[in-house]
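Scroll down for the structure; my scribbles are underneath it.
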Amino acid sequence: MQNHLLSIIEDLSLVRKNSPLVHNITNYVVMNNTANALLAVGASPIMAHAIEEVEEMITISGALVINIGTLSEPWILAMEKAVAKAVKLSKPIVLDPVGAGASQLRNSTIRRILDAGSPSIIRGNASEILSTLSSSGKTKGVDATDSSESAIETAQTLSRVTKGVVVVSGATDYIIQNEAIHKTSNGDPMMTKVTGLGCTASALCGAFAAVQNDHLRAATSAMAVMGIAGEMAKTKSTGPGSFQVHFLDALYEMKEDDIRKFYKET
Amino acid sequence: MQNHLLSIIEDLSLVRKNSPLVHNITNYVVMNNTANALLAVGASPIMAHAIEEVEEMITISGALVINIGTLSEPWILAMEKAVAKAVKLSKPIVLDPVGAGASQLRNSTIRRILDAGSPSIIRGNASEILSTLSSSGKTKGVDATDSSESAIETAQTLSRVTKGVVVVSGATDYIIQNEAIHKTSNGDPMMTKVTGLGCTASALCGAFAAVQNDHLRAATSAMAVMGIAGEMAKTKSTGPGSFQVHFLDALYEMKEDDIRKFYKET
Amino acid sequence: MQNHLLSIIEDLSLVRKNSPLVHNITNYVVMNNTANALLAVGASPIMAHAIEEVEEMITISGALVINIGTLSEPWILAMEKAVAKAVKLSKPIVLDPVGAGASQLRNSTIRRILDAGSPSIIRGNASEILSTLSSSGKTKGVDATDSSESAIETAQTLSRVTKGVVVVSGATDYIIQNEAIHKTSNGDPMMTKVTGLGCTASALCGAFAAVQNDHLRAATSAMAVMGIAGEMAKTKSTGPGSFQVHFLDALYEMKEDDIRKFYKET
């Protein structure tokens, strides 16, 4: 495995320089944080879910991020339409299968989204990635797993199904495309005590994929920047409230020196 | 009245040890805060409102929290279905009748929810508790009241109607079940300057009821923890913005010593 | 142009004294911030979008704020109904045409809202104000423009169409009613790195219009208070996360001396 330090630095710089518009159809809980994280890292958020306007929003955006955290049928229809349009326009699509496996609705929605178009990047924890593969209808007999390590094989299978990148988040993040496996090990346990940081990671994957055509690299850079911001935030925080504040500041302030200081591949 | 110090310490410890899943069907304004408060106190939030999946979510959760802050018909239908399922599974139900009395829709929704199943705990301010009793259709001729003290009798009547606990929030919180009256007097006026801290209190009642079968005790512990976190936050805050941050930190950091230091029953 | 220092001080004091109820039908992304900003400045937020209850909510409120940031048809119908009721009750209406011009849905919604009733105050950036005028159907052949200066003429035309105040936000804010042009130049570039501060400005316009019948003056005071709070927050912030926290604190803490110290008309 190669060291990704220089590409992370370069990709963050590309996001800040190009300030890509990222169209999010995401859940109610995290919308505010996601928008703020995209602004802090240097991108521009759009949040729009009406079926009447999602196609126009994709057209002006650099990437589409679909997050199934708080579903209902009108939103699912808009997601399908947005994905189909993004495919047509060759815009990168990120799927965050929040809570995959927790309900039939989530599983069937994942299936519908995958049928509408293959995501460039799917990001979830081990359990969500597993359920996403099951929901794809393209495989059978997957065994449940919970550690990100043991989900590597599942992610590789899912990557072959979607012909895209699959990110398994955890203490170590695995960023996978077919046989290629990138790893980043930044971050802090406090990140699990703030709601929606997984969703933020997916949104950042969208921002980076909007400016970096190599989506394996884009996702790797995005996950590293997330983790580094988490470690920067941790040094100033006394709990999840202050962590959230300093995390946004860190995304905004992060300099090449910070990346060099905090980045660790394994 | 007994002193609840030891049970508060024990119940907070139970929440942190068991990390109960709390299913919230709540309002758009507070979803993020509620999720973060549940995480900070040691519980795990689920936010899901689609009628297709609420029953599955209840099944895996330790408690259900219904909050009527931003209603619409599809959400009300999901609330009814979720409540009925929670009753069937004997999971504790918390109702937060936000803005009860402000519109016919809110009153009729409260009636529909009470008809679907009796909440284990109802938490609101004096005016909301009064309107909830009126909306229940089980009583007539209630006189309006605004101080939490004067709502005690109303709360006792409502408790007899629902056969559950009723919490009247205010400078002093009254936690009532039939003839039993618990009081907690922690908190700070700054809590009224941050949106959704009442909703957070209701969500915490859900987390505590998920691990403490004595719901009168669970609600008392939850309200005390809210108030103590508020006082801890106040010492570090210069306004409602920083208060909100330190409040989450306090929920996360709160130790037995903090409870002993800040807790006051009256 | 006159100096507005004394009227700003007086109007902020009126908001705090009267604590007006402000009814918001706004977007999901900013609801929490908007509610918190209204509380911090001394007003009281209501968020309600169900068509069944918006009329009752207007009836008890001092102002209505309509924000089209995350639209869907049920919300648009509620907006129309709320605006019509506010007109009937002579309550001030603020329109924030978020993303005007970005989709046909937004443009047609603006048209429908303007048809339902003329806003007392419209607040947007130069591009949104231009698209709002185009969408009104009352003019033709408007040239695109992006700086707030060059939008002055557009805003004057829009003001004549709506017979209300039009605010063009930017580094300098122009508050316009027919021929009258007020200017405020407070604020900080960091405000563009926090989502929803434009929406907050519109909500504050609502709070100020609820207590100050001269809506040109009300909007001028609201925009000045926004900008001053931004400058106060900037002195304590290291990034957009901490800025957001200190901004709410500043709205809450702001004293006459702060207004005298920071206010600059041009």
Original post:
Which of the residues belonging to the stretch C:97-132 are among the aliphatic types (A, V, I, L, M), assigned to a helix (DSSP H, G or I) and away from chain A (no Cβ under 14 Å)?
Top reply: C:ILE113, C:LEU114, C:ALA116, C:ALA126, C:ILE129, C:LEU130
Original post:
Just one of the numbered conditions (1) free of Cβ contacts under 8 Å to residues at least 60 places away in the same chain; (2) more than 22 Å from B:THR157 (Cα to Cα); (3) crowded, with 20+ Cβ neighbours inside 10 Å is not true of B:VAL225; which one?
Top reply: (1)
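Going by the structure shown, is B:GLU179 within 13 Å of the chain's Cα centre (by Cα) and of a type in the set (D, E, K, R)? Outline the logic, then answer.
Values: within 13 Å of the chain's Cα centre (by Cα): no; of a type in the set (D, E, K, R): yes.
In short, no.
Tell me which residues, restricted to the stretch C:184-212, are farther than 23 Å from C:ILE25 by Cβ and of a type outside the set (A, V, I, L, M). Working first, answer last.
Of the stretch C:184-212, the ones farther than 23 Å from C:ILE25 by Cβ are C:184-193.
Once the filter is applied, which keeps residues that are farther than 23 Å from C:ILE25 by Cβ and of a type outside the set (A, V, I, L, M), the stretch C:184-212 yields C:THR184, C:SER185, C:ASN186, C:GLY187, C:ASP188, C:PRO189, C:THR192, C:LYS193.
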**OP:** Six or more apart or on different chains, Cβ under 7 Å: which pairs go from a residue in the stretch B:193-204 that's facing chain C (nearest Cβ under 7 Å) to one that's of a type in the set (Phe, Trp, Tyr)? Could you list them?
**Re:** B:LYS193/C:TYR252; B:VAL194/B:PHE243
Subject >> Residue match in the stretch C:167-187 (condition: modelled with pLDDT of 95 or more, touching a Pro at 6+ places or on another chain (Cβ under 8 Å) and farther than 26 Å from C:HIS23 by Cα) >> reply: no
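Given B:THR162, B:THR220, B:THR238, which one is closer than 20 Å to B:VAL83 by Cβ and of a type in the set (Ser, Thr, Tyr)?
Working: B:THR220 fails: closer than 20 Å to B:VAL83 by Cβ; B:THR238 fails: closer than 20 Å to B:VAL83 by Cβ.
Being closer than 20 Å to B:VAL83 by Cβ and of a type in the set (Ser, Thr, Tyr) holds for just one of B:THR162, B:THR220, B:THR238, which is B:THR162.
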Original post:
Hey, A:ASN125 hits all of (1) under 29 Å from B:HIS49 (Cα atoms); (2) under 13 Å from the mean Cα position of the chain (by Cα); (3) surrounded by 24 or more Cβ atoms within 10 Å (Cβ to Cβ) but one; which does it fall short on?
Top reply: (3)
**OP:** Could you list all residues from the stretch A:243-266 that are of a type outside the set (D, E, K, R) and open to solvent by 10 Å² or more (accessible area, probe 1.4 Å)?
**Re:** A:GLN244, A:VAL245, A:HIS246, A:LEU248, A:TYR252, A:PHE262, A:TYR263, A:THR266
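Name the residues in the stretch A:145-170 that are under 15 Å from the mean Cα position of the chain (by Cα) and without any contact (Cβ under 8 Å) to a residue 40 or more places away in the chain, would you?
Taking the stretch A:145-170 first, the residues under 15 Å from the mean Cα position of the chain (by Cα) are A:155, A:159, A:164-170.
Result: A:ALA155, A:SER159.
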**OP:** Could you check how many residues of the stretch C:33-79 are of a type in the set (Phe, Trp, Tyr) and at the interface with chain B (Cβ under 8 Å from one of its Cβ atoms)?
**Re:** 0
Original post:
Can you pull out the residues in the stretch B:135-147 that are surrounded by fewer than 21 Cβ atoms within 10 Å (Cβ to Cβ) and either assigned to a helix (DSSP H, G or I) or modelled with pLDDT under 75 (or both)?
Top reply: B:LYS138, B:THR139, B:LYS140, B:GLY141, B:VAL142, B:ASP143, B:ALA144, B:THR145, B:ASP146, B:SER147
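Taking the stretch C:173-191, which residues are on the phi > 0 side of the Ramachandran plot and of a type in the set (S, T, N, Q)? Spell out how you get there, then give the answer.
Quick first cut of the stretch C:173-191, residues on the phi > 0 side of the Ramachandran plot only: C:178, C:187.
Correct list: C:ASN178 only.
Could you list all residues from the stretch B:85-96 that are assigned to a helix (DSSP H, G or I) and open to solvent by 20 Å² or more (accessible area, probe 1.4 Å)?
Just the residues of the stretch B:85-96 that are assigned to a helix (DSSP H, G or I), to begin with: B:85-88.
Correct list: B:LYS85, B:VAL87, B:LYS88.
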**OP:** Among the residues of the stretch C:161-184, count how many are touching a helix residue (DSSP H, G or I) at 6+ places or on another chain (Cβ under 9 Å) and open to solvent by 20 Å² or more (accessible area, probe 1.4 Å).
**Re:** 12
Subject >> Condition met for A:VAL83 (more than 12 Å from every other protein chain (Cβ to nearest Cβ) and either over 17 Å from the mean Cα position of the chain (by Cα) or acidic (Asp, Glu) (or both)) >> reply: no
Subject >> Selection within the stretch A:228-242 - open to solvent by 50 Å² or more (accessible area, probe 1.4 Å), within 14 Å of chain B (Cβ to nearest Cβ) and not basic (Lys, Arg) >> reply: A:THR238
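The values are calculated or read from the model by the stated rules, or taken from the named source; none is laboratory data. Just so you know, these numbers come straight off a predicted model, no measurement behind them. Glycine also receives a Cβ, built like all others from the backbone with ideal geometry; neighbour counts cover every protein chain displayed. The accessibility values were calculated without ligands, DNA or RNA, using every heavy atom of the protein model including side chains. Shrake-Rupley method; radii C 1.70, N 1.55, O 1.52, S 1.80 Å.
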